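Working notes, structure below.
The values are calculated or read from the model by the stated rules, or taken from the named source; none is laboratory data. Nothing here was measured: the structure is a model prediction, and the numbers come from that model. Please note: Cβ atoms are built from the backbone with ideal geometry, for glycine as well, and neighbour counts cover all protein chains shown.
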Amino acid sequence: MEDATRMKEIDGSDFEEMFSQYLPIVYNMYSRYSIRDFDFDDWLQEGRIALDSALKSYRKGHGTTFGLYYKMIFENRIRSILRRQKAKKRWAQQQAVSIEKVGIEAFSEQCKYHEYMDENLYISELLLAGEIPFSSLENRSLYYYLQGEDPFMIAEHLDETEKAINNALNRAKNKIKRKISN
């Protein structure tokens with residue numbers, strides 16, 4: 001292993017033997033850095049990749065030992081992984097949580113199926129398609145009502161009496177019910 005050419009030609013068993021010599025470097029990096037979703041097998045794999053890279057690029061006589069050169073290659077590889085994880089464009093991936101890891105119970109509150117969901121979607125589609133003929137007052141009253149306004153506030157917006165707004169809303173609701181039941 002004296003010259004660079006021989007280092008490039010290491011076979012599988014020699015490679016693993018050499019990797020076992022440099023395993024303390026992998027343990028050292030493992031204790032120094034924390035990489036999300038990396039288990040120790042991933043660290044070993046990255047260590048092997050770095051060793052292969054170091055074997056292919058190391059040149060003896062350039063002022064450093066192979067061990068230090070390997071450590072530098074491996075540490076640069078780990079830092080690159082950390083930089084990718086910290087990148088802003090990957091922020092959503094960092095915040096993601098696996099259902100397999102935390103269990104479906106953690107999501108049950110956010111993922112409840114509402115019993116009227118299908119009906120609400122159908123009504124929304126009918127309203128957007130304009131399939132229910134509303135009068136002008138019914139249409140405007142329903143618009144504000146669906147925005148969360150109460151009949152008193154709607155009456156003020158439309159310069160109508162509260163009774164007229166309630167009647168318009170009741171007529172609109174009845175038209176919707178008739179359309180759904182058909």
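Just a few scattered comments:
- Selection within segment 41-55 - surrounded by 12 or more Cβ atoms within 10 Å (Cβ to Cβ) and either in contact with a Ser or Thr (Cβ under 7 Å, 6 or more places away or on another chain) or of a type outside the set (S, T, N, Q) (or both): Asp42, Trp43, Leu44, Glu46, Gly47, Arg48, Ile49, Ala50, Leu51, Asp52, Ala54, Leu55
- The set of residues in segment 122-155 that are within 10 Å of Ala172 (Cβ to Cβ) and β-branched (Val, Ile, Thr) contains only Ile132.
- Filter pass, Ser108 being small (Gly, Ala, Ser), at pLDDT below 65 and more than 30 Å from Tyr144 (Cα to Cα): yes
- Segment 147-182, subset touching a residue at least 12 places away in the same chain (Cβ under 8 Å) and under 18 Å from Glu131 (Cβ atoms), residue surrounded by the fewest Cβ atoms within 10 Å (Cβ to Cβ): Ile180
- Of the residues making up segment 128-149, those that are modelled with pLDDT under 90, at negative phi and not in a helix (DSSP H, G or I) are Glu131, Ile132, Pro133, Phe134, Gln147, Glu149.
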